[in-house]
1. Taking the full set of protein chains and a 1.4 angstrom probe, give the accessible area of Ile161 in square angstrom, rounded to the nearest 10.
2. Could you give the size of the charge dipole of segment 1-134 about its Cα centre, using +1 on the Cβ of each K and R and -1 on the Cβ of each D and E, expressed in debye and rounded to the nearest 20?
3. Mind checking the per residue accessible area of segment 48-199 for me, 1.4 Å probe, whole number of Å²?
4. Of Leu18, Val303, Thr113, which is farthest along the charge dipole of the chain in the positive direction, counting Lys and Arg as +1 and Asp and Glu as -1 at C-beta?
5. What per residue convex hull volume, in Å³, comes out for segment 1-60 when only alpha-carbon positions are used?
6. Viscosity 1.567 mPa s, temperature 4 °C: Stokes-Einstein D of segment 1-115 from its Kirkwood Cα radius, in µm² per second?
7. Can you check how the C-alpha radius of gyration of segment 95-245 compares to 2.2 N^0.38 Å, as a plain ratio?
8. Determine the calculated [θ] at 222 nm for the chain from helices alone, applying -39500 (n - 2.57) to every DSSP H run no shorter than 4 residues and normalising by the residue count; nearest 500 deg cm²/dmol.
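The values are calculated or read from the model by the stated rules, or taken from the named source; none is laboratory data. Because the structure is predicted, anything quoted here is derived from the model rather than measured. Every residue, glycine among them, receives a Cβ derived from its backbone with ideal geometry; neighbour counts consider all protein chains shown. Surface areas here come from the heavy atoms of the whole protein model, side chains and all, with no ligands, DNA or RNA. Shrake-Rupley method; radii C 1.70, N 1.55, O 1.52, S 1.80 Å.
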Amino acid sequence: MNMMDYIREQPDVFARALANRASLAAPFVELFRAVEPDRLYIVASGTSRNASATAAPFMSRVLGMDVTVSAPSRLYAVYGQRPLMIYVSQGGNSTNTIAAMERFAAIPSLAMTGDRGRICDLCQHYTAILCGPETVGPKTKGYTMTILGLYLLALETARAIGRLSEADYETYMSTLTAAGQAMAANVESTVAWQKVNDEAQRGLKVAYLVGKGQALRIAQEGALKLQETLLIPTAAFDFEEFLHGPTSSIKPDVAGFYLVPPEGDPDRRRMLDLMAYHRSVCPHVYTLGGPDAADPRDCTLQVTDQWYTQPFEYILPMQVVSAAVPAELGIENASFATFHKLDMLLNIKFKGADGETEYVQPGTH
């Protein structure tokens, strides 16, 4: 299996999660009813943290409560009269997440993993990220499926406690279903777009990613993907904040990926104007989700125009570039080799009894 295999698995695992949403969410619904929390914390690292940060605004809206996302190393205190924790880790063995769980062991919690790693031993409650492990290192289907999984926890809980009407629930589900059904075509159109731009993308030296609202959170994951696979400096910027200083660093070797807002957004035209300026300085500037244009650098996607489905649409171009370009350059295993070396030195992942990192434990896809 390689990154592209996992990217292409996303439509199927997306559909499977939707079909099994009630059983997936049942442990959280039960725990939520028992605790009646006034504050929800999601604790995760890396891609899991990016996915959690992307899901949090939707969860907050649906559940009507504050949802705080924190890296384990930055979780200094937990507030609220009745807090509830969700610990997210696709592999389930991040040592910093385990340390946070031990520190806040008295607080009710649920583990959410793609494979039953060590963190599941520390939680009484568990739900699966229905994607299985990814053995290549950089996560793709784990990102989208963590977001969808967290969405479903919120939707099923809000429905069960009477906060969400049946009509609103069905509207959300219909929109998510449409996003999932479009994913296979979006993957293939993105692959075609990448092939047209492959030569230029193999020469990328630095990349800025620009988004607004939900798209900024997606850009942060895209920046991580490009950084850990192409091995180049990257940065993600909020569109408006990008205008206040960082644009001055645009140079001929600074590429750009612009996650364009949908029609009707007041900043759509402004972002496209900024993108055009960036292209006048550097030719390696791409739009994602923008207009169906003749320029081959524009990656057109089928979108629902709902902000909460953008993660399942806008992330695909960054995932595909991260899978295809390193393979062309012969560096597709470089980041994983470095991570394994550092893990042996710094104990990033929980080790089994044999002393080896349990990157992938026996489980089903």
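1. Only protein atoms counted, so the area is about 80 Å².
2. Here the size comes out at about 240 debye.
3. On the way: 5440 Å² over 152 residues.
Result: 36 Å² of accessible area for each residue.
4. Going by the charge dipole, the pick is Thr113.
5. Per-residue hull volume (Cα only) is 119 Å³.
6. My calculation gives 85 µm²/s for D.
7. In units of the 2.2 N^0.38 Å rule of thumb, it is 1.29.
8. -16500 deg cm²/dmol
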